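Here is the structure we will look at, set down as structure tokens.
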Amino acid sequence: MMRTDALTELDALAQGLLGARSTPRSPQFMPVDVFRVGEQYVIHADLPGMDPGSIDVNMGRGVLTLTAHRTAPPEENVQWLTSERFSGSYRRQITFGDDIDPDRITANYDNGVLTVTLPLDQRALPRQISVEGKGAEPQEVSASTDEQQRIDS
């Protein structure tokens, strides 16, 4: 099944006839996968063709912000026939809350995919809390004679 967008096709036709691009187009979103594995969140963001130096990963107040920029190709002496590769700035924000350890966040860009690992703050992990009673004496449990004989055998 193929979807068509009449306005996009009309824009491409006009740009082709005029021989120039009026403005760089920007995508509507940055595709991401977000999942939790163990005690960390992992994000994979598709950013093909980005200069790694233009990628910025920022965490503040529980919100992760990913930004990147792809430079438009030079337009000197070029007659565009079609222009489908997006250029310009990309930005995506993902809310996690306060359970992330910002000092241990890592990011890696490989083969057009940005991978960000966000470890959980150890203080935010669930843990067993012992309950102590006031005024209650520890009770000693003793086995009956029959139970003691079974244990001894």
Notebook entry, point to check: Residue check, P119 against (1) part of a strand (DSSP E or B); (2) modelled with pLDDT under 90, all met but one. Which one?
Noted result: (2)
Next item on the list: Identify the residue in segment 65-89 that is closer than 16 Å to V113 by Cβ and either assigned to a loop (DSSP other than H, G, I, E, B) or aliphatic (A, V, I, L, M) (or both) and, among all such residues, is modelled with the highest pLDDT.
Entry: L66
Item checked: Single residue of segment 35-72 satisfying the filter (in contact with a Ser or Thr (Cβ under 8 Å, 6 or more places away or on another chain) and of a type in the set (D, E)) that is farthest from S83 (Cα to Cα) -> D56
Notebook entry, point to check: Which residues, taken from segment 57-84, are under 23 Å from the mean Cα position of the chain (by Cα) and either closer than 16 Å to A45 by Cα or surrounded by 13 or more Cβ atoms within 10 Å (Cβ to Cβ) (or both)?
Noted result: V57, N58, M59, G62, V63, L64, T65, L66, T67, A68, H69, R70
Next item on the list: Report, by residue number, each residue of segment 85-101 that is closer than 13 Å to V57 by Cα and surrounded by 13 or more Cβ atoms within 10 Å (Cβ to Cβ).
Entry: Y90, R91, R92, I94
Checklist line | Tally, over segment 122-142, of residues that are surrounded by 10 or more Cβ atoms within 10 Å (Cβ to Cβ) and either modelled with pLDDT of 85 or more or hydroxyl-bearing (S, T, Y) (or both) | finding: 0
Check: In segment 35-64, what count of residues is obtained for those that are in a strand (DSSP E or B) and of a type in the set (S, T, N, Q)?
Finding: 2
Check: Can you name the residue in segment 90-116 that is of a type in the set (D, E, K, R), over 13 Å from the mean Cα position of the chain (by Cα) and outside any loop (DSSP other than H, G, I, E, B) and is also farthest from L64 (Cα to Cα) among such residues?
Finding: D110
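The values are calculated or read from the model by the stated rules, or taken from the named source; none is laboratory data. Because the structure is predicted, anything quoted here is derived from the model rather than measured. With ideal geometry, Cβ positions are generated from the backbone for all residues, glycine too; neighbour counts draw on all protein chains shown.
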